[in-house]
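Student: Sharing a structure, written as structure tokens. Questions coming.
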Amino acid sequence: MSRSNPGLALALGAACALACKTPEPEAIYRPAESVLEVVTLLRLHRDDDTYRFEPARDYTGKNVYRASFDRLESLEQLYRDKFQSGYLDAEIQYAKGMALERITEYELAARHFAHVASLDNVLRDSASESGAICERLDAARGIAPPPDASPGHALEVFDERMRLLDELLEEAGTTWHRPVVREEIERADLARAEYFRARWMLEPRHSALVLQQYQVLLQNHADSKNRSRHLIALADLYSDLSRRYATEHPPVSLRFDAATFDEYAQSASRLYESVSQQDGAIEKIEAAAKLDAFLAFTLEVHEQKIPQ
């Protein structure tokens, strides 16, 4: 066929080559090709309230702040020769600082902002202010009770951490730093609750104190995106309290008090149930499974106890 009609053979060969060629992906699925593209996406989500709502995700399903930071790093490596000249240096480092702050890498974010503040550019003042906030966030996060602290001393240490964060929240005002500071305040409240929970495991007499800390956490962060997670944590605590009570006071013994056990058990059940009924919450499945397992445990306890 090729001898009698070389044009036809050439056309067939071209068609085969086109058929074997990998098609170009749609524009929205292509890798980032410019700094402007990544910076624009970050700027679009700079003011997002990540305290109340989950962080935005890009077309790949990744956290938009982490993904943007990774893409800026990749672009810097890909166009290393161009960026070594200082081209867009301030813009890139500032954007990376914004992304790092959102993923709680405060110390590294402060370094990027400090670099921008050392340059002569329009972002200099904003970078200086942002860097100072990140430094203080990093310092506050490092405040924790010493290993040998008494409960009273530990509370004082956590109060000092909270005082610094409250001051920072007031200074942040309505800027894009505010949700970041609120998230860090929430982490501080959670850290305090978890600290006393760990102590309660070794010192059961602190049960009232640890319950108070989880209740404070829920009260202070009623509008947080993590509220369902905190409810499960409190339910887990009530579950552990009931299990410990059943261990220390076997249901078949005369020391077992059904009213005390039920007080813990019913609190755990109500909390698990409340989360299991929240449509759209990712914690719904976990809470439902924990509720089923916990109800099975309570049934076993009541079957073993002495009839009153």
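FYI, it's all coordinate maths here, none of it is from the lab. These figures come from a predicted structure and were not determined experimentally. Reconstructed Cβ throughout: ideal geometry from the backbone, glycine too, with neighbour counts over all protein chains shown.
Student: SER242 versus (1) of a type outside the set (Asp, Glu); (2) crowded, with 17+ Cβ neighbours inside 10 Å; (3) over 18 Å from LEU211 (Cα atoms); (4) touching a helix residue (DSSP H, G or I) at 6+ places or on another chain (Cβ under 7 Å): which is the lone unmet condition?
Tutor: With (1) of a type outside the set (Asp, Glu); (2) crowded, with 17+ Cβ neighbours inside 10 Å; (3) over 18 Å from LEU211 (Cα atoms); (4) touching a helix residue (DSSP H, G or I) at 6+ places or on another chain (Cβ under 7 Å) applied to SER242, the lone miss is (3).
Student: Of all residues in the stretch 199-214, which are in a helix (DSSP H, G or I) and over 15 Å from SER239 (Cα atoms)?
Tutor: Taking the stretch 199-214 as the starting set, the residues that turn out to be in a helix (DSSP H, G or I) are 199-202, 204-214.
Matches in the stretch 199-214: ARG199, LEU202, ARG205, HIS206, LEU209, GLN212, GLN213.
Student: Right, something else. Looking at the structure I just gave you, is VAL216 surrounded by fewer than 19 Cβ atoms within 10 Å (Cβ to Cβ), among the β-branched types (Val, Ile, Thr) and over 18 Å from PRO55 (Cα atoms)? Break it down into steps so the answer makes sense when it comes.
Tutor: Working: surrounded by fewer than 19 Cβ atoms within 10 Å (Cβ to Cβ): yes; among the β-branched types (Val, Ile, Thr): yes; over 18 Å from PRO55 (Cα atoms): yes.
Yes: the conditions hold for VAL216.
Here is a yes/no grid of residues against (1) among the aromatic types (Phe, Trp, Tyr); (2) closer than 21 Å to PRO251 by Cβ; (3) touching a residue at least 12 places away in the same chain (Cβ under 8 Å); (4) part of a loop (DSSP other than H, G, I, E, B):
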residue: GLU273; (1), (2), (3), (4): no, no, yes, no
residue: GLU286; (1), (2), (3), (4): no, no, yes, no
residue: ALA293; (1), (2), (3), (4): no, yes, no, no
residue: PHE297; (1), (2), (3), (4): yes, yes, yes, no
residue: GLU300; (1), (2), (3), (4): no, yes, no, no
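Student: Out of curiosity, is ASP223 assigned to a helix (DSSP H, G or I) and among the acidic types (Asp, Glu)? Reasoning before the result, please.
Tutor: Details: assigned to a helix (DSSP H, G or I): no; among the acidic types (Asp, Glu): yes.
Spelling it out, it is not the case that ASP223 is assigned to a helix (DSSP H, G or I) and among the acidic types (Asp, Glu).
Student: Further, regarding this structure: If you scan the stretch 140-157, which residues turn out to be loosely packed, with under 14 Cβ neighbours inside 10 Å and either in contact with a helix residue (DSSP H, G or I) (Cβ under 6 Å, 6 or more places away or on another chain) or part of a helix (DSSP H, G or I) (or both)? Even if it seems obvious, please write down each step before you answer.
Tutor: The first filter runs over the stretch 140-157 and keeps only residues loosely packed, with under 14 Cβ neighbours inside 10 Å, leaving 142, 146-148, 150, 152-153, 156.
Listed by number, the residues that qualify are GLY152, HIS153, GLU156.
Student: Now, a different point. What pairs come up if the first residue lies in the stretch 62-74 and is at negative phi, the second is assigned to a loop (DSSP other than H, G, I, E, B), and their beta carbons are under 6 Å apart, counting only those six or more places apart or on different chains?
Tutor: Between residues of the stretch 62-74 that are at negative phi and residues that are assigned to a loop (DSSP other than H, G, I, E, B), the close pairs are ASN63/PRO55; VAL64/HIS45; VAL64/ALA56; VAL64/ASP58; TYR65/ILE103; ARG66/ILE103; ALA67/ASP58; ARG71/ALA32.
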